[in-house]
Amino acid sequence: MFDGSYKIFETARQKDVTIIIATVKNKIVILKQKQPDTGWFYCTPSGRMDIPGEKPMVTAKRELLEETGMVADKFFLWKTIKREGKVVLNWHIFIARNCRKVAAQALDGGEKIKVKLISFDEYLKLSDAPKSQFNLSATIIDMFKARLYPKYKNYLKKVIFG
């Protein structure tokens, strides 16, 4: 401690997560999802890096395909957010442009997922109820900034759509 005394602090290390902001033409792919311990919520495709040795890009592409049945023409890492404190993990946020359906969804037994396509402005408005969206917390500040600052809105739109 700062005063020279000692104290034990506990932290938990969770598996890193990939989050994908995917597009189909001028729309963003949003999932309406339910898991056994949740009500319905909106999110973007995402998943834990739970396969040993799998790299973030591979996890992100796999999760996009499993949850939506889609692949992207262009796929890149936008940013990584290092979360520290009591729970430590990284959020790897990817952009997947020009997605197209190539397969049926391959959901696990604990997922119910409906794929929706929404406009950029509808996506930003999802930030109105952040507690009801599971993985939007990683991008919620970007969503708020885009709603408040026109220059940031243009930047974010360009990042997502090109």
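The values are calculated or read from the model by the stated rules, or taken from the named source; none is laboratory data. Computed from a prediction, not measured in an experiment: that's the story for all the values here. For neighbour counting, all protein chains shown are included, and Cβ atoms are generated from backbone atoms with ideal geometry for every residue, glycine included.
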Consider region 8-59. How many of its residues are surrounded by 12 or more Cβ atoms within 10 Å (Cβ to Cβ), assigned to a strand (DSSP E or B) and not aromatic (Phe, Trp, Tyr)? 20
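Of the residues that make up region 93-103, is at least one modelled with pLDDT of 95 or more, on the phi > 0 side of the Ramachandran plot and surrounded by 12 or more Cβ atoms within 10 Å (Cβ to Cβ)?
Quick first cut of region 93-103, residues modelled with pLDDT of 95 or more only: 93-103.
Then keep just the ones that are on the phi > 0 side of the Ramachandran plot; that gives 98.
When the remaining residues are screened for being surrounded by 12 or more Cβ atoms within 10 Å (Cβ to Cβ), the result is 98.
Among the residues of region 93-103, at least one is modelled with pLDDT of 95 or more, on the phi > 0 side of the Ramachandran plot and surrounded by 12 or more Cβ atoms within 10 Å (Cβ to Cβ), which makes the answer yes.
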All but one of (1) under 24 Å from LYS157 (Cα atoms); (2) surrounded by fewer than 18 Cβ atoms within 10 Å (Cβ to Cβ) hold for PHE75; state the number of the condition that does not hold. (2)
Just to be sure I understand the filter: pairs with C-beta atoms under 6 Å, separated by 6 or more residues or on different chains, first member in region 102-122 and under 30 Å from PRO150 (Cα atoms), second member among the hydrophobic types (A, V, I, L, M, F, W, C) and not in a loop (DSSP other than H, G, I, E, B). Which pairs pass? LYS116/ILE30; LEU117/VAL24; ILE118/ILE28; ILE118/ILE30
With the checklist (1) in a strand (DSSP E or B); (2) over 16 Å from the mean Cα position of the chain (by Cα); (3) of a type outside the set (Phe, Trp, Tyr) in hand, flag the one item LEU89 doesn't pass. (2)
Could you please let me know if ASP142 is among the acidic types (Asp, Glu), over 21 Å from TRP40 (Cβ atoms) and under 14 Å from the mean Cα position of the chain (by Cα)? yes
Taking region 118-162 as the region of interest, how many residues are part of a loop (DSSP other than H, G, I, E, B), of a type in the set (Ser, Thr, Tyr) and at pLDDT 95 or above? 2
Can you list residue pairs whose Cβ atoms sit under 6 Å apart, with the first residue in region 151-162 being under 22 Å from ASP73 (Cβ atoms) and the second being acidic (Asp, Glu) and surrounded by 11 or more Cβ atoms within 10 Å (Cβ to Cβ)? Count only pairs 6 or more apart in sequence or on different chains. LEU156/ASP142
What's the number of the condition PHE76 fails, among (1) out of contact with any helix residue (DSSP H, G or I) (no Cβ under 8 Å at 6 or more places or on another chain); (2) at pLDDT below 95; (3) among the aromatic types (Phe, Trp, Tyr)? (2)
Residue count, region 70-79, condition over 15 Å from THR18 (Cβ atoms) and touching a residue at least 40 places away in the same chain (Cβ under 8 Å), comes to 1
Which one of ARG48, ARG13, ARG62, ARG83 is in contact (Cβ under 8 Å) with a residue 60 or more places away in the chain and of a type outside the set (Val, Ile, Thr)? ARG13
